[in-house]
Each structure stands twice: as C-alpha cells, then as structure tokens.
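Below is one structure; the comments refer to it alone.
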Amino acid sequence: MPKHIGIAACSAEGAALCYRTICTEAPELLGAAHAHPEVSMHTPSLGHTMNLIYKGDWRGVGEVMLDSAVKLERMGCDFLICPDNTIHQALPYVLPRSPLPWLHIAEVVAAEAKARGYLRVGLTGTKWLMEGPVYAKELVRPDPGERDEINRIIMDELVCGVFRPEAVRYFQQVMEKMKRAGCTAVVLGCTEIPLLMNDANSPLPTLDSTRLLARAALRRALA
C-alpha cells in the first residue's frame, strides 16, 4: 500500500494546490482511475503563524509546525511535507523533535534544477524567504525594492486568492531582469506564485516549488 502523506499546511491557496496535485497526478502513476495515496492535512491559523514571523520568532513557528507533525502522526501519516517555503526557516527547530520525517521543499527544488541542468537560477518568494537561509545563497535575488513589492503581492493578494494582471506584469519584469543577468530558470518560491506564473507567461523556465514538492511526496509514498 502507498504511504500515508501528511501535509503540514500554512496558507490555504498553496496547500490546496499541493493537495490537488497529489490527488490528480497519482492515478497515472498508480494506473487506476481516481486512485491516490491517503492524504491528511492539518492547517493552523495563518494569522497566528504570521504574528510569530513578524516578530522574528522562528522557534515559535517551529512549535506550530511541530504541533501539526504530532497531530498528523496521530492521524496515521508516514511522512510529512510543508507546502510553504518561508516557514522552512523554522524546520531546524522541528526536525530533532519531530515524530515523523519531512521532505524539504528547497532540497526538492534544488534536485530538479540540477536534473534540468540549470546553473544560474533566480528566486522569488516572500521577503523572509528571499532574505533568509532556506535556499542557497548562490540563487539570484531581486533588488530590495522588488522584494518588497513581491512580498506585498504575495501577502495582500495571492494568499487571499486574488490574482491580478498587474501582478503578472510585475513578476514578468523582475524575471526578465533576472534573465538579462544570466539566469536560466527561476524558482517560484512561494507556493501561491504558481497560481499566477508558469512557463507560459514567464520569461524564464520555472521551477514550481508547489507541484515539485507534491510530486516528490507521491514518489516517496509509492516507493
């Protein structure tokens, strides 16, 4: 039997996309219509998590993630994923005490970039992600002003399910600048960005962190 996937969710839109990807792509891998591994999700209050992030309390964020881990373990999950790049910054506080193993979203993305032969890669995401340690320092970050606007789009629009043409144009401008700087791909490093940007409208090939994590979870569950 496939392993039971646990989703430690953060924001609703990104978690929903991850969940849908697991359920809709599994039938082809399993060779049976409508078939997918068992999936459980725990979603704490995003407001509580954000209050901790605004205070820079990553240990507190880790406690929120650990609480999800404990509850998902009780639901019978075999391993965990978190479809939120930003709060992976708290994962070092979680892993030593976690009852279950985790897949790391940045490691999944890095493996895909290596497999595709992308040597210089740009990064988009929240300001905490773009300025934090979750992704390798070698990735190309937007300028500080661009980070602020990308963060505003994510937190004020995408997380709330609002997708505006103006936001698409802004991301395209930032990604075009990365392309001119020699980038050969860009990480969609917020799990909501793939709801706005993709290979069809991006100046660069995209590394969709949300779907890549979901597919990695499927491979783990079916191994």
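Summing +1 for each Lys or Arg and -1 for each Asp or Glu, what net charge is found among the other residues whose Cβ lies under 13 Å from the Cβ of Ser40?
Local charge sum for Ser40: 0.
Quick one: 3J(HN,Hα) in Hz for the stretch 168-173, Karplus 6.51/-1.76/1.60 with θ = phi - 60°, rounded, Gly and Pro as x.
4, 5, 5, 4, 4, 4
What FRET efficiency comes out for Leu95 versus Thr43 if R0 is 25 angstrom and r is the Cβ-Cβ distance? Round to the nearest 0.05.
FRET efficiency, Leu95 to Thr43: 0.75.
Would you calculate the separation in nanometres between label points at Glu131 and Glu176, each defined as 7 Å from the Cα along the Cα-to-beta-carbon direction?
For the pair Glu131/Glu176, the computed spacing is 2.7 nm.
Just to confirm, what accessible area per residue do you get for the chain at 1.4 Å probe, in whole Å²?
45
Compute the length gained on full extension between Asp156 and Lys114: take 0.36 nm times their separation in residues and subtract their Cα-Cα distance, giving the result in nm to one decimal.
Extra length available between Asp156 and Lys114 comes to 11.9 nm.
From the protein chains alone at 1.4 Å, what is the descending order of accessible area for Leu30, Leu91, largest first?
Leu30, Leu91
Rounded if a/c is under 1.5, else prolate if a/b beats b/c, else oblate: with a ≥ b ≥ c from the C-alpha gyration tensor eigenvalues square-rooted, which is the stretch 1-144?
In terms of gyration-tensor shape, oblate.
Sum up the charges of everything whose Cβ sits under 15 Å from the Cβ of Tyr54, counting Lys and Arg as +1 and Asp and Glu as -1, but leave Tyr54 out.
Spelling it out: positives minus negatives among the neighbours equals 0.
Of the options Met75, Tyr135, Val121, report the single residue whose Cα projects farthest towards the positive end of the charge dipole of the stretch 48-204 (beta-carbon charges: Lys, Arg +1; Asp, Glu -1).
Val121
Based on alpha-carbon centroids, what's the gap between the stretch 86-165 and the stretch 195-220 in Å, whole number please?
Taking the Cα centre of each part, the stretch 86-165 and the stretch 195-220 sit 12 Å apart.
Rounded to a whole number, what % of the accessible area of the stretch 42-100 do carbon and sulfur atoms account for, probe 1.4 Å?
49
On a full-extension model of 0.36 nm per residue, what is the gain between Asp143 and Asp67, subtracting their alpha-carbon distance, rounded to one decimal in nm?
Extra length from Asp143 to Asp67 when fully extended: 23.8 nm.
For the stretch 156-223, go through all pairs of different Cα atoms, get the mean of 1/r, take its inverse, and jot down that Kirkwood value in Å.
With all distinct Cα pairs of the stretch 156-223 included, I get 12.9 Å.
The values are calculated or read from the model by the stated rules, or taken from the named source; none is laboratory data. Keep in mind it's a predicted model, so treat the numbers as computed, not measured. Note that each Cβ is placed from the backbone with ideal geometry, even for glycine, and that neighbours are counted across all protein chains shown. Note: areas computed on protein heavy atoms with side chains; ligands, DNA, RNA excluded. Shrake-Rupley method; radii C 1.70, N 1.55, O 1.52, S 1.80 Å.
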